[in-house]
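Only the coordinates and a few stated rules stand behind these numbers; no lab work does. Since the structure is predicted, the reported quantities are computational estimates derived from the model, not experimental observations. Cβ coordinates were reconstructed from backbone atoms using ideal geometry, including for glycine residues, and neighbour counts include every protein chain displayed.
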Amino acid sequence: MAEFPDLMKRAQAGDARAYSELLRQLVPFLRAYVGRRIGGSADVEDVVQEILICLHKARHSYDPSRPFEPWVASIARYRVLDHQRRARMSSIRDLDVTFPASGSNMEEMIVRRDLEHAISVLPKGQRTAVQLLKLRQLTLKEAAVISGMTTSALKVAVHRGLKKLRTAFSEPK
Amino acid sequence: MRTEDLLDRLVRDLRPVRPLTSTSIRLLGWLAVALPTLAFWTMLFGIRPDIEQRLADPRFLIETMAATATGICAAIAAIDSTVPGAPRWRALLPLPPLVLWLLSLGEGCLRILWEPTGTLLEAQWQCVSGIVLVSAIPGLALLFVLRRGVLLTSGITFCLGALSVSALAAAAMRLFHPVDASLLVLIWQFGTVVALSALAAIAGRRLRPFTIR
């Protein structure tokens, strides 16, 4: 089995086989690292995917003459911290929603269930765009890599998806 | 999306990349732009008439050299901060010359307390505008160099970058702007350097421009 620095050097030169081997060997390490840092929540796989995208974009910054582990670790640490920051912001926003009136947690659960249902019946492209851009709050570029859609297609899809959701929620039941 | 599918997409998306050049080469590239720019502004404003006298003063030499060393060390630290995996202690590289610069100014301030001149607190807004003006082109050049790397901690990187260009600008100003009272230099030149670095840190941390996502 080739070493990480050698695989990365070949990946930088465009060797897809070496790159595939490198990424597949890295995934278990990343899962373990992220699991330890964010406490085994359901978001582990999402964060692992974000780290993989980050590694992909930053692959030019690795110097094969230097150790590989600190390079991966610093990118993974940054991504985990970013995830934790977004989670904190999200929990602060949730507090605003649930505090004003008693019983609003129940209302929120109902709204959440309705919203999940409304998203699930959207056409596939729109559903993917809404989930990646609005629920997971990924950037257009990240969402494009994950979905395989172009950024302009994602923009159109999320716009149409949100319009349908707005219509669905504004109609009287 | 399953992670397996993402891996397939990333592998399909693979293109050859040019590896990042070393910190020293990137630093030299930046200095090749920054130093001629500083020399240009110094020549344009004209070297101060008492330069020979000032160069004979050890305090002037220590202050100017400490400011220059702060600028260069901060540039090294800023460039290094865009290389994932680089030792994090390197962010502290500009600290020793920065402390020396501050101490040399502080020592001058203490001495001036015994020989007050009455002009110590006059406003020197031209120091602020001068540092901003002289920093502009080296700052843009440094931004270009930094963007080639990977911006993970943009607050730290921008703070070090602003410290670098403003400290070098302050050092250049010592050659053409005849303000020597330590308290004035401390407040208006060192103060501007600290303020610009703090602003850059806040802007970098809040706006996170060019960070990899």
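Quick notes on this structure:
- Amide H partners (placed H, <5 Å) of B:LEU151, local residues excluded: B:ILE212
- Total charge dipole magnitude, the protein assembly as shown, about the Cα centre, Cβ charges on Lys, Arg, Asp, Glu only, Debye to nearest 20: 1560 debye
- At least 20 Å along the helix axis (C-alpha) and Kyte average at least 0.0, DSSP helices within chain B: B:23-45, B:58-80, B:95-113, B:125-148, B:154-176, B:191-207
- The stretch B:1-101: trypsin sites (Lys or Arg not before Pro) falling in loop per DSSP and having at most 13 other Cβ within 10 Å: B:ARG2
- In the protein assembly as shown, helical runs assigned H by DSSP with n ≥ 4 each contribute -39500 (n - 2.57); averaged across all residues and rounded to the nearest 500, the mean residue ellipticity at 222 nm is -23500 deg cm²/dmol.
- Gyration tensor over the Cα atoms of the stretch B:151-207: the corresponding equivalent ellipsoid has semi-axes (square roots of 5 times the eigenvalues, largest first) of 26, 11, 6 Å.
- 14 Å beta-carbon shell around B:ALA141, net charge (K/R +1, D/E -1): +3
- Listed residues B:LEU31, B:GLN53, B:GLY85: farthest to the positive end of the dipole of the stretch B:1-99 (Cβ charges): B:GLY85
- Here the contact order of chain B, divided by its residue count and restricted to Cα pairs under 8 Å and six or more residues apart, works out to 29 percent.
- Loop-resident GluC sites (Glu not before Pro) (DSSP state other than H, G, I, E or B) in the stretch A:2-59 with no more than 13 further Cβ atoms inside 10 Å of their Cβ: A:GLU3.
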